[in-house]
Amino acid sequence: MPTSGALAWRRFARHRMGLIGAAITIGFVAVAIFAPLIAPHPYDKTNLFKPTVPPGRLPEHPLGTDELGRDLLSRLIFGARVSLTVAAAVQVVVLMVGLLLGFAAGWLGGVVDFVIGRLLEVIGALPGLLFQMLIVLLLQRYTQDSVLVVVVAIAALAWPIYVRLVRAQVMTVKEREFVEAARSLGAGTAFIAVRHILPHLTGPLIVAITSAIGLTGFITAEATLSFFGYGINEPLPSWGKMIGDSVRFIQRFQHLALYPVLCLMLLILGVSFLGDALRDALDPTSERVGAQ
Amino acid sequence: MMRFLFSRLVGLTFVILSVSFLTFAIMYSVPGGPFDEVDMPLSPEAKANIRAKYGLDQPFYVQWARYMLNALQGDFGVSFTFPTRKVGDLMWSYWGTSLLLGGLSLAWSIPTGIAMGIVAALKRNTWLDGLISALALVTVTMPLIAWIFIGQIVFALQLRWLPYSGWRPLEDPRTLVMPVISFGLGTVGQLARFARAGMLEVLGQDYVRTARAKGLPFERVVTKHAMRNMLIPIVTLLSPIVANIFTGSALVEYGFVIPGIGRFFLDGVYGRDYPLLMAIVLIGTTALSLSYLITDVLYAMLDPRIRISH
């Protein structure tokens, strides 16, 4: 009898698109981690004698240079690092807040649940883009670290959906017999939470992380904020910012916009297909694979 | 029903008030303001005068309360960036554009999405289902910036089939194509996935089996029984989508240089035009909250199995 993990892996491996997605995602993560080793040039080294070199013209700049003569390939490579760092950091923050408040609301119920519920309603009704921009403007006063600022701005509006998810799961699991059994044997709340309820949360949470409410959503949010100039600051490269900055030159130099757009699309594609396969693999009742 | 409506309206008022208060508070604490003296230096007296005129010398909760009282009477104040015009009038002149863009986008994306979902469900586990599901997945997660710039580079700059930007619905309808398509793509994916799942669920129901067993042809079962029941849950998905078009799409309007509410709002953030931003926030939140309320009522009316409880 294979374990549930082995079964899930078998279902996952049957997904061709999922494997491709996993390969793309791992590729981007590797590029992000080893960026300083792979990039042919520093991302911030300007050369005003070689601005806007088109791709293929100079062997030392295979994808050309931007308007300040910075190597485009190197900036794309470091851009992967910025994009994934922001997305991963937002994910960690949002998960922790979601687990904490979700457990509180689902486990304690009553007044706590009511207050958290109202809070979720209000945060959920806030206009997202405007608030992200305002939070960025507000935090810029206190810190120069634009990565930190962007992470806080995105996370500040993204957590409610995780609280809802955790709360719903906690409320169903806490009524189950094994929780009652554990409690009658003298188990404390913390023990039950970690040993009995947390394992029931991993499946739904992994699905959320790889879906549009998770990493792909955060990658998109960072790119959008940076595109409008409310995100990552120079000299750090961000794909969204590279696209936004290239608008002025797009009639003559399309490579400046095209390559960051393609990077963004490829990364989103990879993570999405990976997430879709994971969802099918982790949910044994899922019909697509089960029907084969 | 009346008690339900009443309690929902109380909740709705609470949400709108909280959102407006939070917006006001955070705008108040953001550095920079409309009278930063970048354009011209002001004497302290003149500055105090202007601040008094716009009520900026009051504590912020007083400013908020005053603003809300005026807004309730339809007066959203005077725009900082266009000091000669009222926010309400400005909004009206930009709104038509955003509503046209949103309306046209929904007009093609809603039927397309639902149709794709139904086809995928009926052709389940075939290559067509795989293709539609993959397309739907990609349109849900792909950032709008990517669609906008790929569209502009390929169809405007390389192939020269469509104009790069602009919005002249009557003179040059080709300017509508890319904005309307890119704005609707996300909706197509969302609806296709939802419709596919809904259709599969309905097809597994007892009444569908009964209808088949009594000899109804499959097509009639789908159109008469399955489709109707599948469309009900889609109402819940549609309401936020429809509410969204009231605030326009900042990205689409910015990318294609369209004079709509979304673009107007970006200028408002840049110019710290608080009265303008407040108006957009209030309208957007109200539209969204109301749409959820309408959904719940509609849902109960469409599906007699659902009883509203409190």
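Restricting attention to the stretch A:216-233, the residues being away from chain B (no Cβ under 11 Å) and without any contact (Cβ under 8 Å) to a residue 24 or more places away in the chain number 0. Take B:D57 and tell me if it is modelled with pLDDT under 85, under 24 Å from A:F131 (Cβ atoms) and of a type in the set (D, E). Spelling it out, it is not the case that B:D57 is modelled with pLDDT under 85, under 24 Å from A:F131 (Cβ atoms) and of a type in the set (D, E).
Filtered by the rule that a residue be buried (at least 17 other Cβ atoms within 10 Å of the Cβ) and more than 9 Å from chain B (Cβ to nearest Cβ), the stretch A:137-146 gives A:L139, A:S146. Of B:A134, B:A156, B:A107, all but one fail to be surrounded by fewer than 18 Cβ atoms within 10 Å (Cβ to Cβ) and within 11 Å of chain A (Cβ to nearest Cβ); the exception is B:A134. Taken across the stretch B:24-34, residues that are under 30 Å from B:P169 (Cα atoms), in contact (Cβ under 8 Å) with a residue 24 or more places away in the chain and not in a helix (DSSP H, G or I) do not occur at all.
At least 3 residues being crowded, with 16+ Cβ neighbours inside 10 Å, modelled with pLDDT of 85 or more and more than 14 Å from chain A (Cβ to nearest Cβ) is the threshold, and among the helices (runs of 4 or more DSSP H) wholly inside the stretch B:205-256 those reaching it are B:227-244.
When residues in the stretch A:94-136 are screened for being in contact (Cβ under 8 Å) with a residue 24 or more places away in the chain, among the aromatic types (F, W, Y) and either surrounded by fewer than 21 Cβ atoms within 10 Å (Cβ to Cβ) or facing chain B (nearest Cβ under 10 Å) (or both), 2 of them pass. Counting only residues that are closer than 20 Å to B:P259 by Cβ and modelled with pLDDT of 80 or more, the stretch B:60-105 holds 12 of them.
Among the listed residues A:L137, A:L201, identify the single one that is assigned to a helix (DSSP H, G or I), out of contact with any helix residue (DSSP H, G or I) (no Cβ under 7 Å at 6 or more places or on another chain) and among the hydrophobic types (A, V, I, L, M, F, W, C). A:L137 is the lone residue from the list that is assigned to a helix (DSSP H, G or I), out of contact with any helix residue (DSSP H, G or I) (no Cβ under 7 Å at 6 or more places or on another chain) and among the hydrophobic types (A, V, I, L, M, F, W, C). Entry remark, the stretch B:263-286: residues being closer than 16 Å to B:V242 by Cβ and modelled with pLDDT of 85 or more number 2 in total.
Would you confirm, using the coordinates I've provided, whether A:A208 is crowded, with 21+ Cβ neighbours inside 10 Å, within 12 Å of chain B (Cβ to nearest Cβ) and either of a type in the set (G, A, S) or not in a helix (DSSP H, G or I) (or both)? No: the conditions fail for A:A208. You will find that of A:V179, A:V152, the residue that is within 14 Å of another protein chain (Cβ to nearest Cβ), of a type outside the set (K, R) and not in a loop (DSSP other than H, G, I, E, B) is A:V152 and no other.
Among the residues of the stretch B:62-96, just one is under 15 Å from B:F21 (Cα atoms), small (G, A, S) and surrounded by 19 or more Cβ atoms within 10 Å (Cβ to Cβ), namely B:A71.
The values are calculated or read from the model by the stated rules, or taken from the named source; none is laboratory data. The shown structure was predicted, so the numbers you read here are calculated from the model rather than taken from an experiment. Neighbour counts are summed over all protein chains in view; Cβ atoms, including those assigned to glycine, are modelled from backbone coordinates with ideal geometry.
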